[in-house]
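**Student:** Just passing along the structure, written as structure tokens.
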Amino acid sequence: MAAIASPDLRLQKDHTNRPYGGGWWPDGHELSHELLDLVSRWPADRPSIVSYAFLHDDWDRSEAAVPTEYRTRTLILNLSDRSSCRLLLVPHGTDPDVADELLLEASNPHTTWRRMDFMSTFRGPQRVPALPVDGTLR
């Protein structure tokens, strides 16, 4: 897989698709700088960005199980034609191969991934609870 670098923006042809119309991997500066960068990268043939909001799924307990450093976010862009685009926001410190995987799926109109599949950037081994010395689970 070719290494990619942040910042990177990938969009579907139809940016209104769900769960995402594309993905964005910012370079890690503060939010105001990142949003200016996003606006400058936004394609001229698309409706312009009018406003934005972050989607916080506080009602979804599965998100709370993902450590903050691995947790993705959803950025909702309101556009000048009154449409909206949901972008998968990949955390700055994400491994480039993982970021590439997430951006490819977020920008694929035929993805079979659900929103839950995009929630974490963690791709390491899952921790298995240690068995007690006697080998039984309690």
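**Student:** With charges set only on the Cβ (+1 for Lys and Arg, -1 for Asp and Glu), what does the dipole of region 8-118 come to about its Cα centre, in debye to the nearest 20? Don't skip to the answer; put the middle values down first.
**Tutor:** Values: 12 positive and 19 negative charges, 109 e Å.
For region 8-118, the charge dipole is close to 520 debye.
**Student:** For labels at Ile76 and Thr111 in the simple 7 Å Cα→Cβ model, what's the distance in nm?
**Tutor:** Simple spin-label model gives 1.8 nm for this pair.
**Student:** I've got another one for you. Apply the Karplus parameterisation 6.51 cos²θ - 1.76 cosθ + 1.60, with θ equal to phi minus 60°, to every residue of region 86-100 and state each ³J(HN,Hα) to the nearest whole Hz, in sequence, with x for glycine and proline.
**Tutor:** So the Karplus estimates, Gly and Pro as x, are 9, 9, 6, 9, 8, x, 3, x, 5, 4, x, 5, 5, 4, 4 Hz.
**Student:** Which net charge results when you count Lys and Arg as +1 and Asp and Glu as -1 among the other residues whose beta-carbon is under 15 Å from that of Arg41? Please list the in-between numbers first.
**Tutor:** On the way: positive: Arg10, Arg46; negative: Asp8, Asp27, Glu34, Asp37, Asp45.
Cβ neighbours under 15 Å give a net charge of -3.
**Student:** In the neighborhood of Ala106, defined by Cβ-to-Cβ distances under 10 Å, what is the net charge if each Lys or Arg adds +1 and each Asp or Glu adds -1?
**Tutor:** Values: positive: Arg10, Arg86; negative: Glu101, Glu105.
Net charge in that neighbourhood comes out at 0.
Readers should treat all values here as calculations from the given coordinates under stated rules, not as data from a laboratory. These numbers come from a predicted model, not from an experiment. Cβ coordinates were reconstructed from backbone atoms using ideal geometry, including for glycine residues, and neighbour counts include every protein chain displayed.
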